[in-house]
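The values are calculated or read from the model by the stated rules, or taken from the named source; none is laboratory data. Predicted model, so just to flag it, every value in this text is computed and none were measured. Heads up, the Cβs are rebuilt from the backbone with ideal geometry, glycines too, and the neighbour counts pull from every protein chain shown. Calculation scope for accessible area: heavy atoms of the full protein, side chains included, ligands and nucleic acids excluded. Shrake-Rupley method; radii C 1.70, N 1.55, O 1.52, S 1.80 Å.
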Amino acid sequence: VTLPGLYRLGKAIRKYRIKYVYFTDQSVFRWLYLYMRLMGVDKIIVHSRVSVADPDPAVPEKGIRKLLKSIIGKVPWATPDRVYAVSDFVRNRLIEKNCFPAEKVIKIMNGINIDKYACSENTIENDNIVVYAGGRSTRQKGIGVLISAVHLVVTKFGVTEFYVEYAGDGPDQAEFRQMVEDLEIQQYFRFLGQLANTRDTVCKADIVIVPSIWGDACPSAVSEALAAGKALITTRAGGIPEIVGDDRNAIIVPPADERALAAVLARLIRSKDERLQFGMNARARAVKALDEKIYYKQILEQMFADFGICASPVMSS
């Protein structure tokens, strides 16, 4: 933040008498919060949706770093009044790694438009099983692991009546295309590029795979697959298991385990009954736990309570 930027910010706070501030994906320790409070802000909320490299739960901080972070975390002027975490994975990281007070962090999991993903295409019969995967073309999203798993499905398990449609673009796409060519699986792995809307592609799939190998905070690709009522294969990474709920709703494999991924993919390709059962359970999970109407209500209720102001018209209508 530059000095002219701070001046303009302070001027705006005073001019418009800004009392309540809501940030997304900001650090829990910022001296900017102190400045804003000095300019007249009463309450600050941070909504944390930040993913990290490590797919496993945070290792607690130790020693002098823990002591210093714990002291800073208790300084009210330089920290938010409340943090909304999109998963327990994010919440625990803030508590264990950032040493932020647990009582100031609340989990509110993201929602999704479950009506939008009520797929009528579930009844479509394809000659081959269609597997869908979407996400940015980076190693962290596990696309390279998926490509290796597809090769194993064909060569080790002898399953060939399927193909993968992958939607996404990014810095590692050229590498992934080369992998597909080197493994000679072009007929089983198709690159769709970046799609403006993935809904129709998800709905036409028989199986959805989210092969993330990093600490995804609360990936929407998992929620979309569940809401679409698709047989989902994903990984035990970040907040993903929390979205899935339990093992009746999706198959969860270890991150970066291409053999485990290949085994369950081959199994689902061969078992229509299992695909349908997982799909039914997935949709039920989304309706019960991921409806965005419930999510917005939770956010509004918590926000207005934390700001200490009256309920909004949206809440009371």
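Quick notes on this one:
- Any hit, region 114-130, residues being over 30 Å from residue 298 (Cα atoms), among the aromatic types (Phe, Trp, Tyr) and touching a Lys or Arg at 6+ places or on another chain (Cβ under 8 Å): no
- Conditions (1) over 24 Å from residue 74 (Cβ atoms); (2) open to solvent by 30 Å² or more (accessible area, probe 1.4 Å); number of the one not met by residue 13: (2)
- Only a single item in (1) of a type in the set (Val, Ile, Thr); (2) touching a Leu at 6+ places or on another chain (Cβ under 9 Å); (3) assigned to a strand (DSSP E or B) is not met by residue 45, and it is number (2).
- Check on residue 40, farther than 30 Å from residue 199 by Cα and in a helix (DSSP H, G or I): no
- Selection within region 27-37 - in a loop (DSSP other than H, G, I, E, B) and open to solvent by 60 Å² or more (accessible area, probe 1.4 Å): 30
- Count of region 238-250 residues which are in a helix (DSSP H, G or I) and farther than 22 Å from residue 271 by Cβ: 4
- In this structure, residue 50 does satisfy being open to solvent by less than 80 Å² (accessible area, probe 1.4 Å), in contact with an Asp or Glu (Cβ under 9 Å, 6 or more places away or on another chain), assigned to a loop (DSSP other than H, G, I, E, B) and touching a residue at least 60 places away in the same chain (Cβ under 8 Å).
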